[in-house]
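The values are calculated or read from the model by the stated rules, or taken from the named source; none is laboratory data. These numbers were taken from a predicted model, which means no experiment stands behind them. Virtual Cβ from ideal backbone geometry, glycine too; neighbours counted across all protein chains shown. These area figures cover heavy atoms from the full protein model, side chains too; ligands, DNA and RNA do not enter into them. Shrake-Rupley method; radii C 1.70, N 1.55, O 1.52, S 1.80 Å.
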Amino acid sequence: MATPTKKSGLGKQHGFVSELSAPLTVIEGHEEELRAASDRFNERLLLGMEYKPEFLLQIGIRYMRHIIFDNGRRLMWLTAFETDWDPYIDDALELIGLDSWVDFLQHTTEFVAAGIDPTQATNAQVKEFLQGAQEPAAAFFDSMADITMPEVRKNQKLAAAFEQVLEAPNASDVLSHPTLAPLLELAAG
């Protein structure tokens, strides 16, 4: 297993995982447009996972949430990731698509105040905006901070393959070797 390293960015870190929180203000009258843009953003993430499961693993994402609250006046963008800030956000902008980011950010007063033209925005501008919009969490805990998502996915595949072995007609013959005892104990637990 790899060893966690210190992350750049403003968020807190626990094990392999860093958090990013960005509280934003919704432009008055833009709540519905923001909700629709957030839905499109989410669909882009889900589509990426459906057709290319390694899509989100490549950028080190654990989760991402858009929370619209305070009667539609505020947006909290939350994410947790395993890579360093710079490659995370660079990859996220590239793989999710700059247009997906601008689609929801353009409905916040902070994005407008930054003077970024939604039709001319660049990855560098959006990255700088997101870095500046961050507020470190007061506390951050991840119950699986000691394992990376690629390790989780590998373990899932290993467990599925082991189940296939267990279901094989001659499994008891193959699995009777003493070397496999720890694996069988783990499977039984």
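Annotations for the structure displayed:
- Single unsatisfied condition, Arg62 versus (1) open to solvent by less than 60 Å² (accessible area, probe 1.4 Å); (2) within 23 Å of Thr25 (Cα to Cα); (3) at pLDDT below 95; (4) touching a strand residue (DSSP E or B) at 6+ places or on another chain (Cβ under 8 Å): (2)
- Residues of the range 118-143 classified as without any contact (Cβ under 8 Å) to a residue 24 or more places away in the chain and open to solvent by 80 Å² or more (accessible area, probe 1.4 Å), total: 5
- Remark: pairs (first residue in the range 144-168, closer than 19 Å to Gly15 by Cα and of a type in the set (D, E, K, R); second residue open to solvent by 80 Å² or more (accessible area, probe 1.4 Å) and part of a loop (DSSP other than H, G, I, E, B); Cβ separation under 8 Å; 6+ apart in sequence or on different chains) = Asp146/Met1; Glu151/Met1.
- Pairs where the first residue, in the range 72-84, is open to solvent by 30 Å² or more (accessible area, probe 1.4 Å) and the second is among the basic types (Lys, Arg) and not in a strand (DSSP E or B), C-beta under 9 Å, 6+ apart: Thr83/Lys7; Asp84/Lys6; Asp84/Lys7
Matching residues to (1) modelled with pLDDT of 90 or more; (2) open to solvent by 80 Å² or more (accessible area, probe 1.4 Å); (3) out of contact with any Cys (no Cβ under 8 Å at 6 or more places or on another chain):
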residue	(1), (2), (3)
Met1	no, yes, yes
Lys7	no, no, yes
Gly11	no, no, yes
Glu19	yes, no, yes
Glu28	yes, yes, yes
Arg40	yes, yes, yes
Arg44	no, yes, yes
Lys52	no, yes, yes
Leu57	no, no, yes
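- Within the option set Ala159, Ala139, being closer than 24 Å to Tyr63 by Cα and not in a helix (DSSP H, G or I) holds for one residue only, Ala139.
- Condition met for Val112 (over 19 Å from Asn42 (Cβ atoms), open to solvent by 60 Å² or more (accessible area, probe 1.4 Å), part of a helix (DSSP H, G or I) and of a type in the set (A, V, I, L, M)): yes
- Only one of the listed residues (Leu175, Leu166) is at pLDDT below 85, open to solvent by 40 Å² or more (accessible area, probe 1.4 Å) and farther than 21 Å from Ser21 by Cβ. That residue is Leu166.
- Among the residues of the range 144-156, those that are open to solvent by less than 90 Å² (accessible area, probe 1.4 Å) and assigned to a loop (DSSP other than H, G, I, E, B) comprise Met144, Ala145, Ile147, Thr148.
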